[in-house]
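Every number in this text was worked out from the coordinates using simple rules, so none of it is lab data. What you see is a predicted model; the values in this text were computed from it and never measured. Counting neighbours? That spans all protein chains shown, and the Cβs are built from the backbone with ideal geometry, glycine included.
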Amino acid sequence: MTALTMDHRIAASARMQKKRLFAFGIPALIFVYLAYIFISFDVAGLYHRADIDNARTLVADSYSYKTHVARDNRSGEVSVAIEGERKGTYPEGSSPDWVTLGDETVVDLGAGHIVTYAGTQVSYDIPGYGLVTADPGRNGVQAEFPAGELPEWINASKNRVTITTEAGRLTITRNRTEVLRYFTGWELFFFTLDSPFHGKGLGEMIGLAFSSDRVVEGKSNIAAMVDQFLNNKMWQHASVFWAIFETILMAFLGTFGAAIISLPLAFMAAKNFTPLRSVRFGFRRVFDFLRGVDGLIWTIILSRAFGPGPLTGALAILLTDTGSFGKMFSEALENVDKKQIEGVASTGAKPLQRYRFGVIPQLTPVLLSQVLYYLESNTRSATIIGAITGGGIGLLLTQAMVTQKDWEEVSYYIILILLMVMMMDWLSGILRRKLIKGDGGGH
Amino acid sequence: MPYPMYLPAENSGDNKMVDQSAGGIMPTAAIRGAYLAQNRRKRLYGGVLLVFFVALMAGGFDLADARNAGGFWNGITHVFDFPAEVLGEAAGKLHELPAHFVTFLPALIETVNIAGASTLVGAMMALVFSLLATRGLALWPRAIPLFRRLMDVMRAVPEIVIALVLIFILGGGPVPAMIAIAFHTAGALGKLFSEVNENVDLKPVDGLASVGGNWSQRMLFGVVPQVAPNYLSYMLLRFEINIRASAILGFVGAGGIGYELKNAMSWGQGKYDEAAAIFLLLFATIVVVDQASGVIRNRLSATEVH
């Protein structure tokens, strides 16, 4: 008996030892792996490679914009442009209320900062520092500063002076004087400057919407507003919304196309419907192949044949998911309840009718909920595939990123993508819950 | 029909009226009529839905076809041109393939490492988030909805969005891809983990609480051992997905085999043997990982039953 207890004790302590090894070994392994990753990805060197200026522009640009007030020092012409772009230029002779045009152009940067262009001369009254004047011309900028050493936010040389304050930035060169003022928000998001609706408040807009005075000839005010908004030159809402639609279309066509194609194929790969082993094996390998080649390679191959566009993305999703669905559907088919099929068969149904009335009703809720789940995840894939093959919102996003200056547009697209995916998630969730509920009543 | 039937209670109002007039018993003909009408209605709805769906698919296809640079019917005959070209070139330089495999092995390892590290980091984040978002386990029960929404948002972010932004700041390489995939993984696994957490037996947690264990000790020693097999199985599934994701992100500039593939493709004709080698490596890796993870997951779910 003592020998038996000893045996138990030895066995028990061996098990404890094994467990202890597991409990300490796994975290140690994870730690070692992460340390290896840390070294092989050169995470330590990241600090040097990272471009903090890029990060700063990105963050600042995504929630603010700047208005440029520039003067050509040779012709004396003054122009006011949002983001310095042609699309955002104020028409000749008009300006925002903080810029006074005339013989003397006065730019009020707020908080007491005043920049004045008078003739060729420029003066900048900086509160708490003093007056900076300059007379740019052929002999250089000729700037004069208050007495004392130059602060570090003024960068001055013979031909170029840059003054950066919290109110804005003044750059003077021989040929050009430019002052920037920063504003929070997205510039001209609803209407551009040339639109008759620009600068109108919400109340005014609602009033206009119900008024019978035509702002644009021959168009109702609401139609004109929608038109002006969608064709906003700065943001191009119409093409952005279209790109979102295109992305959803890719996901929709790909997912449901794959479901339609893989359903009949799945019968050929299920044990209880295809007794021939070699056929089953063949179809299973086809599914594995479609899945294994993966969306990336399919996208590359298909874009060679079909060119860039939403159809290519849809077909790439379709091919990959035919593999995934084929595998899942055939597994679901193997778990089908035989009694229903026998019941249908006993009424003299032919094979096709047996499948239609004995098998499909059992499977529909399961399959549809899987398909709907994929629809949501494919919306995300379609964004990525669009970036590679050139279609939908993915393309717009990469294009906006490549220019490296329209970060407000990038953040706009990111927000729209998030909303799109969350909406698809919500929609597919609702439909799935409905199906599961309907399942209980249906049988 | 041999005998009259009682109408089921949940039937519609007008049938109840018949019910009353017939003194609780319904004539067979009426039942038949009602059943057939219901059947017809069901079939009609089904038919309308089907027609709507078919129209949607056909319309969508037409639209996508019109928006595509090359048409579908034009392209379908050329689908095999590119694979044939690549395979043809590779077949001509078969003896060079092993050398290419060796050349691209480091890139492949990088891709697998991106997937592995992001799965691991994402799973660790998911563990914490999911515990904080499970009723009965959460450290701050009031913050449960907050953590749930946080996971929803993380799940909704496509990897490419974060990867592109990080590439701009951090420069190309594996780290942006890893962070991007880990972020999405944390959200996706967090949701699955919190579903597992709901079924946890609270006795060990209570026991640890009674001996004065703090929250992290209760979770680590009371919950994690119970959920570990399920977690592991979900992590393996995620690893399969993340390998594909890390290959795709490489293609947009985040290093690994995807980046090599993009380069090999851009060299164009005459260099497709390298592309073929990368295709084969990637395909083999995905298949091997899928199969291995399938085997392990089956074993995990088999031990689960006992």
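Using only Cα atoms, tell me the angle between helix A:277-306 and the longest principal axis of chain A; keep it within 0 to 90° and round to the nearest 10.
10 degrees
In square nanometres, what is one fourth of the surface area of the convex hull spanned by the alpha carbons of chain A?
42.4 nm²
Report, to the nearest 10°, how far helix B:81-92 tilts away from the longest principal axis of the Cα atoms in chain B, using its own Cα long axis and a range of 0 to 90°.
Its long axis makes an angle of about 40 degrees.
Please list the radius of gyration and Dmax for the range A:237-442, considering alpha-carbon atoms only, with Å as the unit.
Taking only Cα atoms of the range A:237-442, I get Rg and Dmax of 19.9, 71 Å.
Through the Karplus equation 6.51 cos²θ - 1.76 cosθ + 1.60, θ set to phi - 60°, convert the phi angles of the range A:9-26 into ³J(HN,Hα) values in whole Hz; use x for Gly and Pro.
4, 4, 4, 5, 5, 5, 5, 4, 4, 4, 5, 4, 4, 4, 5, 9, x, 5
Starting from the exponent 0.38 and prefactor 2.2 Å, build the expected Rg for the range A:66-184 from its residue count and divide its actual Cα Rg by it.
Relative to the 2.2 N^0.38 Å estimate, the range A:66-184 comes out at 1.00.
Going down the table (A:327/A:434; A:19/B:191; A:200/A:405; A:271/A:338; A:66/A:405; A:327/A:350), which pairs top 18 Å between alpha carbons? Could the numbers behind the result be given before it?
Details: A:327/A:434 25 Å; A:19/B:191 29 Å; A:200/A:405 28 Å; A:271/A:338 13 Å; A:66/A:405 12 Å; A:327/A:350 26 Å.
Pairs exceeding 18 Å: A:327/A:434; A:19/B:191; A:200/A:405; A:327/A:350.
Choose one answer from B:224, B:252, B:79: the residue with the largest mean-square fluctuation in a GNM of chain B with alpha-carbon springs under 10 Å.
Maximum fluctuation in the GNM of chain B, among the listed residues, is at B:79.
To the nearest 20 debye, what is the magnitude of the charge dipole of the protein assembly as shown about its Cα centre, counting +1 on the Cβ of each Lys and Arg and -1 on the Cβ of each Asp and Glu?
3380 debye
Suppose R0 equals 30 Å. What FRET efficiency, 1/(1 + (r/R0)^6) with r the Cβ-Cβ distance, do residue B:103 and residue A:324 give to the nearest 0.05?
E between residue B:103 and residue A:324, to the nearest 0.05, is 0.45.
Fewest first, what order do A:33, A:65 take by the number of other Cβ atoms within 10 Å?
Numbers: A:33 14, A:65 20.
Least to most surrounded, the residues fall as A:33, A:65.
Test of understanding: extend the Cα→C-beta vector of residue B:221 to 7 Å, then name every residue of the range A:23-44 with backbone N under 20 Å from that spot.
A:23-28
On average, how many beta carbons from a partner chain sit within 10 Å of the beta carbon of a residue in A:416-426? Write out the running numbers ahead of the final one.
Details: counts 0, 5, 6, 1, 2, 6, 5, 1, 1, 3, 1.
Mean inter-chain Cβ contacts per residue within 10 Å come to 3.
Would you mind computing the Rg to Rh ratio of the range B:160-285 from its alpha-carbon coordinates, Kirkwood style for Rh?
1.19
Tell me, what is the Rg over Rh of the protein assembly as shown, with Rh the Kirkwood radius over Cα pairs?
1.06
Okay, helix-only estimate at 222 nm for chain A: each DSSP H run of n ≥ 4 adds -39500 (n - 2.57), divide by all residues, round to 500 deg cm²/dmol; what do you get?
Rounded to the nearest 500, the figure is -19500 deg cm²/dmol.
What does the net charge come to around residue A:62 if you take all other residues with beta carbon closer than 14 Å to its beta carbon, with K and R at +1 and D and E at -1?
Around residue A:62, the surrounding residues sum to -3.
Name the aspartates and glutamates eligible as straight-distance cross-link partners of residue A:219: C-alpha to C-alpha under 14 Å, and not fewer than 8 places from it in the same chain.
Residue A:219 reaches A:227.
Please compute the alpha carbon radius of gyration of the range A:259-323, then divide it by the globular-protein estimate 2.2 N^0.38 Å. Two decimals is fine.
Computed over Cα atoms of the range A:259-323, the ratio equals 1.27.
Hey, got the average number of other protein chain Cβ atoms within 10 angstrom for residues in B:162-168?
Mean shielding count: 5.
Please list, short to long, the whole-number percent of alpha-carbon pairs of the range A:78-143 in consecutive 10 angstrom bins beginning at zero.
The distribution over the range A:78-143 is 19, 43, 34, 4, given as percents.
Arranged by the count of other C-beta atoms within 10 angstrom, fewest first, what order do B:130, A:123, A:369 take?
Numbers: B:130 29, A:123 15, A:369 18.
Ranked by crowding around the Cβ, least crowded first: A:123, A:369, B:130.
What longest region of chain A stays clear of GluC sites (Glu not before Pro) that DSSP places outside H, G, I, E and B and that have at most 11 other Cβ atoms within 10 Å?
Formally, the longest exposed-site-free interval is A:218-443.
Which cross-chain or sequence-distant (5 or more) residues have an amide H under 5 Å from the amide H of residue A:174, H modelled 1.01 Å from N in plane?
Result for residue A:174 returns nothing.
Roughly how many whole Å is it from the C-alpha centroid of the range A:379-410 to that of the range A:326-347?
Here the answer is 44 Å between Cα centres.
With all pairs of different alpha carbon atoms counted, what Kirkwood hydrodynamic radius in Å does the range B:85-305 show?
After inverting the mean inverse Cα-Cα distance, the result is 19.2 Å.
Let a ≥ b ≥ c be the square roots of the eigenvalues of the Cα gyration tensor of the range A:194-279; is it rounded (a/c under 1.5), or, if not, prolate (a/b larger than b/c) or oblate?
Prolate, since a/c reaches 1.5 and a/b exceeds b/c.
Most exposed first by the Cβ proxy, i.e. fewest other Cβ within 10 Å, how do A:100, A:173 rank? Could the numbers behind the result be given before it?
Working: A:100 12, A:173 15.
Sorted ascending by nearby Cβ count, the order is A:100, A:173.
Convex hull over the alpha-carbon atoms of the range A:188-233: what's its volume per residue in Å³?
67 Å³
Using packing as a proxy for protection, rank B:88-97, B:131-140 so that the peptide with the highest average count of other Cβ atoms within 10 Å comes first.
Answer by packing, highest mean first, reads B:131-140, B:88-97.
Between residue A:166 and residue A:206, 0.36 nm times their residue separation minus their Cα-Cα distance comes to what?
Answer, rounded to one decimal: 10.7 nm.
Please find the FRET efficiency linking residue A:214 to residue A:97, where r is the Cβ-Cβ separation and R0 is fixed at 22 Å, and quote it to the nearest 0.05.
Calculated transfer efficiency: 0.20.
Between exposed chymotrypsin sites (Phe, Trp or Tyr not before Pro) in chain B, where DSSP calls loop and at most 16 other Cβ atoms lie within 10 Å, what's the longest gap?
Within chain B, the longest run free of exposed chymotrypsin sites (Phe, Trp or Tyr not before Pro) spans B:81-266.
How about the range A:73-177: which trypsin sites (Lys or Arg not before Pro) there lie in a loop by DSSP and see at most 16 other Cβ atoms within 10 Å? Intermediate results must be reported in sequence, preceding the final value.
Numbers: sites: A:74, A:86, A:87, A:138, A:158, A:160, A:169, A:174, A:176; in loops: A:74, A:138, A:158, A:174.
Those satisfying the criteria are A:74, A:138, A:158.
For residue B:271, go through the lysines and keep the ones whose alpha-carbon is under 23 Å away, minus same-chain ones fewer than eight residues off.
Reachable lysines: B:93, B:262.
Rounded to the nearest 500 deg cm²/dmol, what is the calculated helix-only ellipticity per residue at 222 nm for chain B, with -39500 (n - 2.57) per DSSP H run of length n ≥ 4?
On the way: 13 runs with 233 residues, N = 306.
When only DSSP H runs of four or more count, the value is -26000 deg cm²/dmol.
Please find, in a Gaussian network model of chain B (springs between Cα atoms separated by less than 10 Å), the residue of B:278, B:76, B:167 whose mean-square fluctuation is greatest.
B:76
Peptide A:130-138: average number of partner chain Cβ atoms within 10 Å per residue? Could the numbers behind the result be given before it?
Values: counts 0, 0, 0, 0, 0, 0, 0, 0, 0.
Average per residue, whole number: 0.
For the range A:275-371, what is the Kirkwood hydrodynamic radius in Å, using each pair of distinct C-alpha atoms?
Radius from the Kirkwood sum: 15.5 Å.
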